[in-house]
């Protein structure tokens, strides 16, 4: 699946996107846990998990949303207008 990172998350991971095997993760939260266990860059990117938003196949979702069959998961911080 394609995983996208935006704003400060992209900076911390060091990539805007990557192709990832979800390794059996059933929810976005489980995917985050697997990523964080993989490398400290991910642990840093997701260290403020309460501030992270997620979209599954371009639909806003919560971290407990199913990612079964998803082609794209996007992670980003809250966006404010001005």
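Which of the peptides 53-61, 19-27 is most tightly packed, and how do the rest follow, judged by the mean count of other Cβ atoms within 10 Å per residue? Intermediate results must be reported in sequence, preceding the final value.
Numbers: 53-61: 15.3, 19-27: 13.2.
Averaged packing, sorted descending, gives the order 53-61, 19-27.
How long are the three semi-axes of the equivalent ellipsoid for the stretch 2-76, computed from the Cα gyration tensor as the root of 5 times each eigenvalue, in whole Å, largest first?
Values: eigenvalues 56, 34, 28 Å².
In descending order, the three semi-axes are 17, 13, 12 Å.
Tell me the relative contact order for the chain as a rounded percent, counting alpha carbon contacts under 8 Å between residues six or more apart.
So the answer I get is 38 percent.
Helix-only estimate, please: 222 nm mean residue ellipticity of the chain, summing -39500 (n - 2.57) across DSSP H runs of length 4 or more and dividing by its residues, to the nearest 500.
-7500 deg cm²/dmol
If the convex hull of the alpha-carbon atoms of the stretch 19-58 is projected onto planes in all directions, what is the mean projected area in square nanometres?
Working: hull surface 12.4 nm².
Dividing the Cα hull surface by four gives the mean projection, 3.1 nm².
Read-outs throughout are calculated quantities, based only on the coordinates presented, and are distinct from any laboratory measurement. Predicted, not measured: the structure shown is a model, and the values here were computed from it. Heads up, the Cβs are rebuilt from the backbone with ideal geometry, glycines too, and the neighbour counts pull from every protein chain shown.
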